[in-house]
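Contents: one structure, followed by commentary.
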Amino acid sequence: MPLAFADRLNNVETSAIRELFKLLGKPGIISFAGGFPDSAMFDVAGIRAASERVLAEEPGAALQYGATEGYQPLREQLATFMQGKGVAGLAPEQLIVTTGSQQALDLLGKTMIDPGDKVIVEGPTFLATIQCFRLYGAEVISAPVDGEGVQPDALERLIVEHRPKLVYLIPTFGNPSGATLSLERRKRVLELAARHQVLVVEDDPYGDLYFGEAPPASLLALSAQVPGSREWLAHCGSLSKVLSPGLRVGWLIAPPELLARAVMCKQFSDAHTSTFAQATAAQYLKSGAMPATLAHVRTVYAERAQAMGDALRAELGDAVEFVQPRGGLFLWVRLTGARGQERDAGALAKRAIDKGVAFVPGTPFFSQNPDAATLRLSFATADVAKIREGVARLGQALKG
Ligand code: PMP
């Protein structure tokens, strides 16, 4: 008798990205494929000092079981961190700590989605969210996105047509699109949440990674200006992209009745996020090291994003279209097919591997109507020299 797996697994496929990652072991390959921050950017000294303080000052609590809602000193630090980003008056009790923001997404799926429910996401969006919501049986509908993020009129039509359980957005430096929702559109989205009484989930792991001017305030911060919107808003934050993904520290801010149910589900999932990691993150935030760390990562990624944009313009010219990223980790490219050149990013990905450069084709990031001419390049992990070399190889792959 074969093992009788749950039917819910029939809704998800193994990620196309994972298949591609198997090819990355090839020696000498320059990878623009990952979704990781650069490990050279981790503030090892700062994290070491924080963890030593934890073991010196609070070993009993930090090595013990803890509350499902999160380690109180970290909840306090995170509330202060969010207040610093314009979320006035946020109390520690209004957020829970999650094991990465990935767990917050899973908890939202678990608390909100029944099989057959509809959810709306951006096309394209974070692949793991599509997979996670499908695992709970959701039909994942895709809303159109342009250079300023999701289009509010189209989003409203889809909300009215489908009555979704939730709308999931990455409003700032989206993964994979790099797009940022304009201030005006943010207010429109909040009005839609209030008017149609639909939960909007703001996933914001990249908002602190801006290169010049800060992006518009988060939906959460702006919800104070749009009456009735706050009770329809959930916000996922994460230390992964700015400090360390290995700490697995994220957080969820949501209306109290939703937060209480998320805590109940988390209790049966992992009881609580690692107390040691939470205590270390709390000490790190308390030490005041974060602003300098942010300044450093912003400078390095800004330089790499610029180098990648410049190299693409020089090496690929009119064969590609893209918006120069103003933050985040990703550059989203559309192949134009100019002068008969390749328009299928999947076909190009195979040729690119042969030339020694890897990227992820855009197709898997769409829950519906994939655009096969798109691809995602990460500028985060290769240095400027490697970025130039990698883009030159991409240019050769495009020429055939
Ligand atoms: N949301 C988005 C949009 C992401 O890109 C990622 C990581 N790639 C996550 C959530 C999950 O991050 P973490 O669980 O490490 O916080």
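Results, tabulated for the structure shown:
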| read-out | value |
| --- | --- |
| Pair list, Cβ < 7 Å and 6+ apart or interchain, from the range 248-270 residues that are under 11 Å from residue 98 (Cβ atoms) and free of Cβ contacts under 8 Å to residues at least 24 places away in the same chain to residues that are polar (S, T, N, Q) and surrounded by 14 or more Cβ atoms within 10 Å (Cβ to Cβ) | none |
| Filter result (surrounded by 19 or more Cβ atoms within 10 Å (Cβ to Cβ) and touching a residue at least 40 places away in the same chain (Cβ under 8 Å)) within the range 275-287 | 275, 276, 278, 279, 280, 281, 282, 283, 284, 285 |
| Any hit, the range 51-59, residues being assigned by TED's automatic domain parsing to the domain that holds residue 138, among the charged types (D, E, K, R) and either touching a Gly at 6+ places or on another chain (Cβ under 7 Å) or closer than 30 Å to residue 254 by Cβ (or both) | yes |
| Evaluation of residue 313 against (1) among the charged types (D, E, K, R); (2) assigned to a helix (DSSP H, G or I); (3) in contact (Cβ under 8 Å) with a residue 24 or more places away in the chain (one fails), failing number | (3) |
| Answer residue from the range 13-61, given it is of a type in the set (Lys, Arg) and at pLDDT 90 or above and is farthest from residue 308 (Cα to Cα) among those | 53 |
| Close pairs (6 angstrom Cβ cut-off, 6 or more residues apart or separate chains): more than 13 Å from residue 194 (Cβ to Cβ) in the range 220-235, buried (at least 22 other Cβ atoms within 10 Å of the Cβ) and among the aromatic types (Phe, Trp, Tyr) anywhere | none |
| Pairs, first within 13 Å of the ligand (Cβ to nearest atom) in the range 14-36, second assigned to a loop (DSSP other than H, G, I, E, B) and modelled with pLDDT of 70 or more, C-beta under 8 Å, six or more apart | 17/33; 33/359; 34/380; 34/381; 35/175; 35/329; 36/380; 36/381 |
| Total residues in the range 72-90, condition away from the ligand (no atom under 16 Å from the Cβ) and within 19 Å of the chain's Cα centre (by Cα) | 1 |
| Test: residue 85 is assigned to a loop (DSSP other than H, G, I, E, B), in the same structural domain as residue 167 (by TED's automatic domain parsing) and within 22 Å of residue 248 (Cβ to Cβ) | yes |
| Filter result for residue 209 (under 24 Å from residue 326 (Cα atoms) and within 14 Å of the ligand (Cβ to nearest atom)) | yes |
| Unmet requirement for residue 386, which otherwise passes all of (1) surrounded by fewer than 17 Cβ atoms within 10 Å (Cβ to Cβ); (2) touching a helix residue (DSSP H, G or I) at 6+ places or on another chain (Cβ under 9 Å) | (2) |
| Exclusive hit being under 25 Å from the mean Cα position of the chain (by Cα), away from the ligand (no atom under 16 Å from the Cβ) and surrounded by fewer than 17 Cβ atoms within 10 Å (Cβ to Cβ), set 57, 69, 52, 93 | 93 |
| In the range 96-132, residue farthest from the ligand (Cβ to nearest atom) [restricted to those that are surrounded by 20 or more Cβ atoms within 10 Å (Cβ to Cβ) and part of a loop (DSSP other than H, G, I, E, B)] | 113 |
| Whichever residue in the range 205-219 is within 18 Å of residue 78 (Cβ to Cβ) and touching a residue at least 60 places away in the same chain (Cβ under 8 Å) and, among such residues, is surrounded by the fewest Cβ atoms within 10 Å (Cβ to Cβ) | 217 |
| Conditions (1) under 28 Å from residue 223 (Cα atoms); (2) crowded, with 22+ Cβ neighbours inside 10 Å; number of the one not met by residue 260 | (2) |
| Among (1) within 15 Å of the ligand (Cβ to nearest atom); (2) buried (at least 20 other Cβ atoms within 10 Å of the Cβ) - the single one residue 138 does not satisfy | (1) |
| Selection within the range 271-284 - under 15 Å from residue 100 (Cα atoms) and hydroxyl-bearing (Ser, Thr, Tyr) | 273, 274, 275, 280 |
| Any hit, the range 316-328, residues being under 20 Å from the mean Cα position of the chain (by Cα) and over 23 Å from residue 168 (Cβ atoms) | yes |
| In the range 288-303, the residues that are in a helix (DSSP H, G or I), surrounded by 15 or more Cβ atoms within 10 Å (Cβ to Cβ) and not β-branched (Val, Ile, Thr) | 290, 294, 298, 301, 302, 303 |
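The values are calculated or read from the model by the stated rules, or taken from the named source; none is laboratory data. This is a predicted model, so every value here is computed, not measured. Note that we place each Cβ from the backbone using ideal geometry, even for glycine, and neighbour counts take in every protein chain shown.
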